[in-house]
Amino acid sequence: MDPTETEPEGYKVDAVEAWIADNVDGLTPPFTWTRLQGGHSNLTYRIDDTQGRAAVIRRPPQGVLLPKAHDMSREWALISALGPTEVPVAPALAFCESPDVTGAWFYVMGLIDGRPLYSAEETEARHPEDSRQTIAWSFMDVLADLHSLDPDVIGLGDLGKKEDYVGRQLRTWYRSWTSSKDDADYDDPRAHEMRDFLAANIPDQGPARVVHGDYGLHNCLLGADHRIAAVVDWEISTLGDPLADLAYALNAWAEPNEGREGSPTALPGFPKRTDLAARYGQRTGRDLSMLDYYIGFNWWKTACIIHGVYARYCAGKKSAVDVDVDSLRARIGKALDDAEAALASLR
């Protein structure tokens, strides 16, 4: 470790570096540790050795965690299984399941030369207008390739339950809404009505596929060629309905003049969501006639997620310092508006 830096959060540097020396070929401690942006609060660092070689190390946050939260073994299983496929992931180097080393499981993966996109400002700085269609097509092709894989064939058949993905999601997030409404002092009747409609009209799922669960440009590393060099943050991935995963990605794909001007895709040069869906359909051959259902389902789910966060702020369970709580409340209603608009074509 660089002696001018503070101790990396969550890592016993001497013990971890000794473990890496014994278990990872091509890396020689001591390392320079650099905290990386993003990562769902997981403690993710770039480590550089004295020979100019680098990798990435990742472990859960410190403290008490929910049983299935921040599952490093799940991420490790996914990047290990996807490594030989067409889906770009960081090389899986080593996994430590002994908490004695640094208090938690962790893994080491190869460093990818690429950066995520979080904002329109980053897009403008790194990706000129004539490169943005390349980003979009690569983004959609990678998702299509992921959804074309048979999880049983690649060793991920036990990643999760294969049946009733949307039904399980509806039950989970409806419980969240109903349990949060008192703290939030907010109970829009549309949340209940749409839940009933969605539950009564779940499309046939078809064969289960690996669903990323949070697929967006914030979880993709873009290379200098403006293509996806790796998909990251697989911790909530499971088996389920690929069209739900597609719709989630489409909902997050902002277009100009939608009030999401700070989003990385709300700029000239990017294709529209309908173009991305068409690209996905052509690549997979999958029937998209019920896509509006999945669009509506994901907006409803987004409303439930934000509603739960808003309730925790209202109840004082999370600090609201520097948080625009009123804006958060408005986003719940906007998500329900968008869900209602998508589902209108199915009624």
Notebook entry, point to check: How many residues are more than 11 Å from the chain's Cα centre (by Cα) and among the hydroxyl-bearing types (Ser, Thr, Tyr) when one looks only at segment 220-261?
Noted result: 1
Next item on the list: Enumerate the pairs (first residue in segment 323-344 and more than 18 Å from SER176 (Cβ to Cβ); second residue anywhere and part of a helix (DSSP H, G or I) and of a type in the set (A, V, I, L, M, F, W, C)) with beta-carbon separation below 6 Å, excluding pairs fewer than 6 apart on the same chain, so at least 6 apart or on different chains.
Entry: ASP338/TRP299; ALA342/ILE295
Next item on the list: Give, as residue ranges, the helices (runs of 4 or more DSSP H) completely inside segment 89-158 that count at least 3 residues that are touching a Lys or Arg at 6+ places or on another chain (Cβ under 7 Å) and not β-branched (Val, Ile, Thr).
Entry: 132-147
Notebook entry, point to check: Which of the residues that make up segment 241-260 are farther than 17 Å from ASN219 by Cβ and crowded, with 22+ Cβ neighbours inside 10 Å?
Noted result: ASP241, LEU243
Item checked: Count of segment 116-175 residues which are closer than 17 Å to ARG279 by Cα and among the aromatic types (Phe, Trp, Tyr) -> 2
Notebook entry, point to check: Among (1) over 29 Å from GLY333 (Cα atoms); (2) without any contact (Cβ under 8 Å) to a residue 24 or more places away in the chain, which single condition is PRO189 missing?
Noted result: (1)
Margin query: Kindly evaluate SER327 against the criterion of being of a type in the set (S, T, N, Q), part of a loop (DSSP other than H, G, I, E, B), surrounded by fewer than 19 Cβ atoms within 10 Å (Cβ to Cβ) and out of contact with any Asp or Glu (no Cβ under 7 Å at 6 or more places or on another chain).
Written below: no
Next item on the list: Give me the pairs, please: first residue somewhere in segment 245-265 and more than 16 Å from SER119 (Cα to Cα), second residue anywhere and assigned to a loop (DSSP other than H, G, I, E, B) and acidic (Asp, Glu), beta-carbon distance under 8 Å, and either six or more positions apart or on two chains.
Entry: TYR248/ASP214
Note to self: Would you confirm whether or not segment 268-291 contains a residue that is assigned to a strand (DSSP E or B) and of a type in the set (Val, Ile, Thr)?
What the structure shows: no
Checklist line | First in segment 271-282 and closer than 15 Å to ASP245 by Cβ, second anywhere and among the basic types (Lys, Arg), Cβ under 8 Å, 6 or more apart | finding: TYR280/ARG286
Item checked: Output for segment 164-176, where each listed residue is under 20 Å from TYR293 (Cα atoms) and in a helix (DSSP H, G or I) -> TYR165, VAL166, GLY167, ARG168, GLN169, LEU170, ARG171, THR172, TRP173, TYR174
Next item on the list: With respect to ASP196, determine if the residue is in the same structural domain as TRP173 (by TED's automatic domain parsing), acidic (Asp, Glu), without any contact (Cβ under 8 Å) to a residue 60 or more places away in the chain and within 26 Å of ARG168 (Cα to Cα).
Entry: yes
Next item on the list: Can you confirm whether segment 258-268 contains a residue that is in the same structural domain as SER131 (by TED's automatic domain parsing) and more than 24 Å from LEU336 (Cα to Cα)?
Entry: yes
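Each row is one residue, and each column tells you yes or no for (1) among the β-branched types (Val, Ile, Thr); (2) in contact with an Asp or Glu (Cβ under 6 Å, 6 or more places away or on another chain); (3) surrounded by fewer than 17 Cβ atoms within 10 Å (Cβ to Cβ).
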residue: GLU163; (1), (2), (3): no, no, yes
residue: ARG168; (1), (2), (3): no, no, yes
residue: TRP173; (1), (2), (3): no, no, no
residue: TYR186; (1), (2), (3): no, no, no
residue: PRO189; (1), (2), (3): no, no, yes
residue: MET194; (1), (2), (3): no, no, no
residue: ASP214; (1), (2), (3): no, no, no
residue: ASN219; (1), (2), (3): no, yes, no
residue: LEU222; (1), (2), (3): no, no, no
Check: Mind checking whether some residue in segment 246-254 is at pLDDT 95 or above, farther than 16 Å from LYS301 by Cβ, assigned to a helix (DSSP H, G or I) and not small (Gly, Ala, Ser)?
Finding: no
Next item on the list: Mind listing whichever residues of segment 38-97 are of a type in the set (Gly, Ala, Ser), within 19 Å of SER237 (Cβ to Cβ), at pLDDT 95 or above and surrounded by fewer than 18 Cβ atoms within 10 Å (Cβ to Cβ)?
Entry: GLY83
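The values are calculated or read from the model by the stated rules, or taken from the named source; none is laboratory data. None of the values given here were measured: they were computed from a predicted structure. When we count neighbours, we look across all protein chains shown, and the Cβ atoms used for this are built from the backbone with ideal geometry, even at glycine.
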